[in-house]
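What follows draws every value from the coordinates through simple rules; no lab data is involved. Note that the structure is a prediction, hence the values are computed from the model and not measured. So basically every Cβ, Gly included, is an ideal-geometry build from the backbone, and we count neighbours across all protein chains shown.
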Amino acid sequence: MSSLADHLRRRINAEGPLTVAQYMHQALCHPEHGYYMNRDPFGAAGDFITAPEISQMFGEIIGIWCAALWREMGTPERVNLVELGPGRGTLMADALRAAATVPGFAAAIELHLVETSPVLRCRQRMSLNTLAADRRPLWHDDFSRVPAGPLLLIANEFFDALPVRQFQRTAAGWRERLVALEGEDFRFVLSSPWEETPPMPRQLASSPLGAVVEVRPDAAELAFAIGRRVTDYGGAALIIDYGHGEHAVGETLQAVKGHRYHDVLATPGEADLTAHVDFRALAKAAGKAGAGAFGPVPQGEFLERMGLSARAEALSLRATPEQANDIAQARKRLLGEEGMGRLFKALAIASPGAAVPAGFE
Ligand code: SAH
């Protein structure tokens, strides 16, 4: 058993059950034992694989998207290029290489990476070590630490890792799902009924008995802060993740370990925990801050409109047959309905009055 499990047992014994969001936050981000804090979880030998690790084409297309938006912004002399949760830094390295083909853009970029994990910060530094000394990224724990100014922001599979609270509608009213102890084992239990409806989208408040609703307060707060930034200073954000285009009921919290589903409560800190992203909630929060929101559109459609198939063909022309086969497989995984093409979605947040961003027409 991990020592995070022991830590959580002590905490529950002292303070009572945790909310699902508290449990998820500790499991992923506990400073010592959190899942992300001391490992590189990506790739075949790890727990899961993400789009930038599947193919360089993914990051390249995002780099082109950023360059197009920079032009739309009127080619500002300085722009904060921010990535939330950059993983191995692969996406950013591919994006910067592609963006370098657009004159003036590279020189305007001030690079900011928001990353909680020391191990992954190190990995990101390695991926970006070819950048000139004065082009190197600055790291932050939190988006609020990124200095003011025009913004281009990327977040791939970041919001799905932010903690969710879960509420269940029962005959006695709404109850919150909590993590308690039964002997040494973690168990879900329900809180006593709330007197009022918990904070959730109006459409979900009338869900049928038994329904579970997930809400993600940190995500809404962050989308609001991003919306505020682009409203005040100009710019745009591209958020790609898996989830629902509209508010939806249902429990989606899941654990993944070694490329397989895993029990959410079995080994806290040793499996990745994620839940579907509610894109409508992000769009609304950004809108409240005055920003425009576009999409979400399915990832497959977004990448296709941005020219992924043409890029795949161009790469295949100078590839060995084996490499060409890999490129075809990657294209299918990123675009295909059985792959990431439909479940994954892209949402753009942009300054008020901005033109429809590339890929969202
Ligand atoms: N974008 C990358 C990695 C996705 S995994 C890719 O597509 O491959 C999630 C990333 O977010 C990891 O880098 C993780 O360490 C980071 N992360 C998770 N929760 C975080 C938080 N609350 N604050 C900052 N970074 C976080």
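For this structure, a couple of remarks:
- Lysine pairs in the chain whose alpha-carbon atoms fall under 28 angstrom of each other, counting only those eight or more residues apart or on distinct chains, come to 5.
- Column: log10 I(q)/I(0), Debye, Cα scatterers of the range 1-84, q = 0.15, 0.18, 0.19, 0.22 Å⁻¹: -0.78, -0.88, -0.92, -1.04
- Helix 279-288 axis, angle to the chain major axis (alpha carbon atoms, nearest 10°): 80
- Kirkwood-based Rg to Rh ratio, the range 159-210, C-alpha trace: 1.03
- Cα pair distances in the range 218-361, grouped into 5 Å bins until the bin that holds the longest one, percent each: 2, 10, 15, 15, 16, 15, 13, 9, 5, 1, 0
- Efficiency of FRET between residue 71 and residue 129 - r from beta-carbon atoms, R0 25 angstrom, step 0.05: 0.30
- The chain - share of DSSP beta bridges that are antiparallel (%, nearest 5): 60
- In range of the label at residue 196: residues from the range 163-182 whose backbone nitrogen is under 19 Å from the point 7 Å along Cα→Cβ: 165-170, 173-177
- Computed from the C-beta positions of residue 218 and residue 318, the FRET efficiency with R₀ = 41 Å rounds to 0.40.
- Inverse mean reciprocal Cα-Cα distance (Kirkwood Rh) of the range 93-163, Å: 13.6
- Largest to smallest principal axis extent of the C-alpha atoms in the range 61-209, angstrom: 63, 38, 26
- Compactness of the range 20-141 is given as radius of gyration and Dmax, 15.5, 47 Å, from Cα positions.
- For the options 256, 277, 215, a Gaussian network treatment of the chain with springs between C-alpha atoms closer than 10 Å singles out 256 as fluctuating the most.
- Going from the fewest other Cβ atoms within 10 Å to the most, the residues 114, 213 appear in the order 114, 213.
- Summing charges over neighbours of residue 161, with a neighbour being any other residue whose Cβ is under 11 Å away from its Cβ, gives -4 when K and R count +1 and D and E count -1.
- Where a label projected 7 Å from the Cα of residue 185 along Cα→Cβ would reach, residues of the range 1-31 with amide N under 12 Å: none
- For residue 130, net neighbour charge (Lys/Arg +1, Asp/Glu -1) across residues whose Cβ lies under 13 Å away: +3
- Packing-based exposure ordering (other Cβ within 10 Å, fewest first) of 105, 58: 105, 58
- For the range 192-292, the equivalent ellipsoid derived from the alpha-carbon gyration tensor has semi-axes of 27, 21, 12 Å in decreasing order.
- Ranking of 66, 29, 122 by neighbouring Cβ atoms within 10 Å, starting from the fewest: 122, 29, 66.
- Nearest-0.05 FRET efficiency for residue 246 and residue 38, computed from C-beta distance (R0 41 Å): 0.65
- Zone residues, the range 71-103, relative to residue 355, backbone N less than 16 Å from point 7 Å out along Cα-to-Cβ: 71-76
- Surrounding net charge for residue 315, when Lys and Arg each add one and Asp and Glu each subtract one, Cβ distance under 10 Å: 0
- Sorted largest first, the spans of the alpha carbon positions of the chain along the three principal axes are 61, 44, 39 Å.
- Each of residue 45 and residue 7 was given a label point 7 Å from its Cα along the Cα-to-Cβ line. The distance between the two points is 2.6 nm.
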